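The values are calculated or read from the model by the stated rules, or taken from the named source; none is laboratory data. Predicted model only: the values in this text are computed from it and were never measured. When we count neighbours, we look across all protein chains shown, and the Cβ atoms used for this are built from the backbone with ideal geometry, even at glycine.
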Amino acid sequence: MARRVRRRARRAGRFEEGAGPAGGTTERTRGQAGNARHQGAGGGGRPGAGVRPLPGPTVLVLAAHAGAGASTVALLLADTLAQTGTATRLIECADPSRSGIAAATDTELGENPSGWRRGRRGHLEIDRPCQPLAALDDLPAPRPVAPPATGPAVTVVDAGWPAGDVLTADSWPTHLITTALVVVVGRATVPGVRQVEQLLATLPKRVALVAALGPAKWPGVVSASCGSQIRAIRASGHLVAVPVDRHLDVTGLTANRLPKQLATAGRDLAERLLPDLSTTRQRRAG
């Protein structure tokens, strides 16, 4: 019976076999195997709370539901910041098989010993996990980077996992929920608004912004479905409308520039999240 269970687990991808004592075999969960691969130079493995804080301001982008558009919002924000001359890095935490930005780089720089695949998109640096992840706990520690010589560096983190997983994991993105600027992303639909409301009520602190994919003016039925959390966010001006681009919905994120209709939303996100950076850039331009 036990053998049958193990065989089924291997077929499902839950175990990996490796050399064991005296030439036998040992079975490890895929997460443990990935953990072993990530140990060494640059850290990795299951870092939990022991990870050194990321340099400069950090933004955590969290999807309220499946298909919310969190990767689009994360790339839009990071792209906007990088285009203004701010040193910006986008870190995607999703398992490589579920990556939303795998095709968004224009230059691939290869794998780093820290467990991350590096890429660039113009002036924007993009990091993605190299190895499959069985759980968010298996995510390696962020790739160490040197701070820029002038000005702050901004890190945008696309959580890439369901909000429930992010809230309950023992991984560095989980700790960002209380230390970073959190942006919750959802669709401006009745189901989407309800999911956003539930997530806002679950988070341990108030979010910096809600990004709602859809029209700036919500249909009456959507507005009527808002709970107290979203009503407060809207009343305080902490909700940003991000237009839905039908072509982007079909093609997904690519190395092409994001549609022009998203540019205003990108600037709005950046200015509301990081007003000090926006003020500094305006002074330099003047």
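For residue 196, state whether it is in contact (Cβ under 8 Å) with a residue 12 or more places away in the chain and β-branched (Val, Ile, Thr). Can you show your working first?
Numbers: in contact (Cβ under 8 Å) with a residue 12 or more places away in the chain: yes; β-branched (Val, Ile, Thr): yes.
Yes, satisfied.
What are the residues in the stretch 150-177 that are at pLDDT 95 or above, of a type in the set (Val, Ile, Thr), within 24 Å of residue 271 (Cβ to Cβ) and outside any strand (DSSP E or B), if any?
177
Here is a list of conditions, (1) over 22 Å from residue 99 (Cβ atoms); (2) buried (at least 21 other Cβ atoms within 10 Å of the Cβ); (3) small (Gly, Ala, Ser); (4) in contact with a strand residue (DSSP E or B) (Cβ under 6 Å, 6 or more places away or on another chain), and residue 270 meets all of them except one; can you say which number that is?
Result: residue 270 passes all but (4).
Restricting attention to the stretch 68-80, does a residue exist that is part of a helix (DSSP H, G or I), more than 15 Å from the chain's Cα centre (by Cα), closer than 30 Å to residue 200 by Cβ and at pLDDT 95 or above?
Here is the first cut: in the stretch 68-80, the ones part of a helix (DSSP H, G or I) are 70-80.
After this cut, where a residue has to be more than 15 Å from the chain's Cα centre (by Cα) as well, the list is 80.
After this cut, where a residue has to be closer than 30 Å to residue 200 by Cβ as well, the list is 80.
Narrowing the set further to residues that are at pLDDT 95 or above leaves 80.
Yes, some residue in the stretch 68-80 is part of a helix (DSSP H, G or I), more than 15 Å from the chain's Cα centre (by Cα), closer than 30 Å to residue 200 by Cβ and at pLDDT 95 or above.
Tally the residues that are closer than 10 Å to residue 62 by Cβ and touching a Leu at 6+ places or on another chain (Cβ under 7 Å), restricting the search to the stretch 161-179.
Within the stretch 161-179, residues that are closer than 10 Å to residue 62 by Cβ and touching a Leu at 6+ places or on another chain (Cβ under 7 Å) number 6.
I need a count of the residues in the stretch 159-173 that are touching a residue at least 40 places away in the same chain (Cβ under 8 Å) and either surrounded by fewer than 18 Cβ atoms within 10 Å (Cβ to Cβ) or not hydrophobic (A, V, I, L, M, F, W, C) (or both).
Of the residues in that region, 5 qualify.
Report the residue count in the stretch 116-134 for those that are more than 16 Å from the chain's Cα centre (by Cα) and closer than 24 Å to residue 83 by Cα.
Count: 4.
Return only the number of the condition from (1) surrounded by 14 or more Cβ atoms within 10 Å (Cβ to Cβ); (2) within 20 Å of residue 166 (Cβ to Cβ) that residue 204 does not satisfy.
Among (1) surrounded by 14 or more Cβ atoms within 10 Å (Cβ to Cβ); (2) within 20 Å of residue 166 (Cβ to Cβ), residue 204 violates only (1).
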